[in-house]
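Structure, as structure tokens:
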Amino acid sequence: MPQYTDEKLIAWLKLEVPRARNVIHKWRRDVARPAYQFTAGGKGQWEKEDIDILSDADRTQVTFNRIGPMVQAINGVEINNRLEVDFVPPEPNDKPVTEIAKMSGKWALGRTDAEDQDSHAFRDLIICGMGWTEHYMAYEEDPDGKYMMKRRSPFNYLWDVRAVEQNLPDARWIAYVMEVDDETMEYMFGEEVEAQGNFLGETPDDLSEAGKSKQYPLDYEGHTAVADPAKRGAKVVADVEYWRIVPAYRMIEPDGSLGEIIQQNFFDQIRQAFNIQGIEPQEGQHFVRIPHKAYYRAFITGEKVLEHGPSPCDSGFTHLAVTGTYDEIKGTWYGVVADLMDPQRWINKIYSESVDAYRSSIKGGVIREQNAVVNEEEWKENIAKPNADLVVQDGAISGNKILVLQPTQMSSHLPQLLSIAMTMPQMVSGLNMEFMGLADREQAGVLERERKMASMTILAPLFGAFRKYRKSHARLLFKYLQKYFTAERLARIVGDELAPAVPMFKETDVLRYDVMVDESPYSTSVKQHVFQLMNEMLQRNPELQAMLLPVWIEYSPMPSAISMKVKEAMEARQQPDPKQELMMAAQLGELASKIKLNLAKAEEAFAKAEAEGDMLVNEETRTMLDAIRSSQDLVMQTQEMQMRAATERYKADQKPKTTKAA
């Protein structure tokens, strides 16, 4: 019972997709789109009804975007404190495998700008509560295969809405929906496919602008053509990934050890071959049936399956999600911006009301009767002059025919309301001005650092989700390196020293037993903090300087290239010259010969004295002789080890090294 048939897959998705679409469309409408609009600022922070009311009344729309800088500040913290995935060996014997994973992983990620893609996905997480990345192998630029990682728009995804765990590890299926033109369709699937403008009801109107191909003029704003993708040959294609529990088998050997996992179809072939050839299992050897989670992938347009088969990664989805805070009532996820939208609306409206109130209020002036002045033209021309000499009719002033208007006094509570409005985003989110670097007061550095840390505590769940995502990414990358990078290619990347461990790295179960996924900081800000702590520790414990100096250099805020050169120079200085080692070994040999000669003379004299009775032999004398013999053995072993090590190192230095892959 392998993957679903095409018909069964479509029937199953017809039950799953409508239920998910109802929830996800509300999330796009009520959470995601407003969040991006509020982050961008401008008219996106106003309801259409409010804009119409203000425009009809000729009133000003005032927008102070307080959300954008806060999003940028949080995203900047991630960028300045980036964490790279590290493969940690649980035992010293596993270090070569982890070194291969580190070196090949850095080489692959360096070609795809992975850190920038991650930061973009983290920004999506801050804004709408979900960030997505796709991981795949591309062969357009490199015929051997190039590992690619791309951030994808959250608007292009459907997922199993019953999944409630952070980053959706419990999702049964996910679908990346995209609009594809004819040329791409033919390239991907190699056949003429009848135009389909939806995926089980999902249309291009539901996609973000990033998900549309924009190959046609009507895709641009202001074009009047009919935006029907089927009529212009564009298709909506869904990249669907799902998993199901299938039966698998493992052989139990007589000694109790377990063999590799065998899929159902391969197990049937083995059993059939055994029956034909009459092979009987050994005594105590048998198969056990176990449940196995198998991952599959299908490309679908409309209700037609274009391609269907095993997933490129047999242990997880190739589309990875990072999620924010879960809404138990709505069954969706939201980010930081969701809580900031109401305070932002209040800021905009109260400032707009204040400006309108000031514009429509009395600024001063006079009210007069028509016959109160002698010369009306002269009055209008000179009334605003500070030294004007104006003539009015007799009795106009005493008869109150001219009244001076006083400016309208604004409410004394208005400045307080404006101040509260401007501080509401900080109060709601918990992100203070120190966190954003906008504090306008003098305060102790310790206090400012503590206030920043208080804001970081509030953001800890988001960074925790991102850390979990990075570990999932590391496991996925490891699988891609194992499956799609040949042993020869890995050997070129890691060099001659680690090349012998490449076959061990290619073993299928090495990630389960021999590698622990961890994270280590490689951004300057984190390194500087760790560097300061290590500096204080080394100053208090000088005896640790020689031992921890390489680690201290690694975490220094110096550029990576300089740190690496310093470490190489230190290692070269600490590593003795093979020729000197050979000379030292020869000197040890001479010392061992002298010790042996002196020991022989001492034993001869000791035996003679003991036989003649001229010397009192006690236990201390015998112990001293035993110590001399032990020192002789130790010198001989040291000489042999140094000689062997120096010879091997000298041969290795003379051997030309293979150039690493660029």
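Listed values, structure above:
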quantity: Packing-based order for 12-21, 356-365, using average beta carbon neighbours within 10 Å, highest first; calculated: 12-21, 356-365
quantity: Amide proton proximity set for TRP173, modelled H, under 5 Å, gap of 5+; calculated: ASP160
quantity: Inter-label distance, nm, simple model (7 Å from Cα along the C-beta direction), ILE383/ILE458; calculated: 5.2
quantity: Placed amide H near GLU307: partners under 5 Å, 5+ positions off or other chain; calculated: PHE299
quantity: Under the Karplus curve 6.51 cos²θ - 1.76 cosθ + 1.60, θ = phi - 60°, whole-Hz ³J(HN,Hα) for the stretch 40-51, x wherever Gly or Pro sits; calculated: 6, x, x, 5, x, 8, 10, 6, 4, 4, 5, 4
quantity: Cβ-derived FRET efficiency at R0 22 Å, ASP30 paired with TYR326, nearest 0.05; calculated: 0.90
quantity: Where labels lie 7 Å past Cα in the beta-carbon direction, separation of LEU414 and THR63 in nm; calculated: 2.4
quantity: ³J(HN,Hα), Karplus 6.51/-1.76/1.60, whole Hz, each residue of the stretch 337-350, x for Gly, Pro; calculated: 5, 4, 7, 9, 5, 5, x, 5, 4, 5, 4, 4, 6, 5
quantity: J(HN,Hα) series, the stretch 240-247, from Karplus relation 6.51 cos²θ - 1.76 cosθ + 1.60, nearest Hz, glycine and proline x; calculated: 9, 10, 8, 10, 8, 7, 10, x
quantity: Computed E for ALA357/ARG19 - FRET, C-beta separation, R0 35 angstrom, nearest 0.05; calculated: 0.10
quantity: Peptides ranked, highest mean first, by Cβ atoms within 10 Å: ranges 33-43, 57-67; calculated: 33-43, 57-67
quantity: Gain on full stretching of the segment that runs from THR184 to ARG244 - 0.36 nm per residue minus C-alpha separation; calculated: 18.6 nm
quantity: Mean Cβ neighbour count within 10 Å, used as a protection proxy, ranking 409-415, 302-308, 136-142 highest first; calculated: 302-308, 136-142, 409-415
quantity: Listed pairs LYS43/LYS468; LYS14/LYS330; LYS150/LYS235; LYS26/LYS235 exceeding 30 Å between Cα atoms; calculated: LYS43/LYS468
quantity: Other-chain or far-sequence residues with amide H under 5 Å of ASN198's (modelled H); calculated: VAL236, GLY302
quantity: Label-zone membership for the stretch 369-393, site VAL404, 7 angstrom Cα→C-beta point, backbone N under 15 Å; calculated: 383-390
quantity: Calculated FRET value between MET433 and ILE270, using beta carbons and R₀ = 56 Å, to 0.05; calculated: 0.25
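We did not get these values from a lab; they are worked out from the coordinates using the rules stated. Note that the structure is a prediction, hence the values are computed from the model and not measured. Virtual Cβ from ideal backbone geometry, glycine too; neighbours counted across all protein chains shown.
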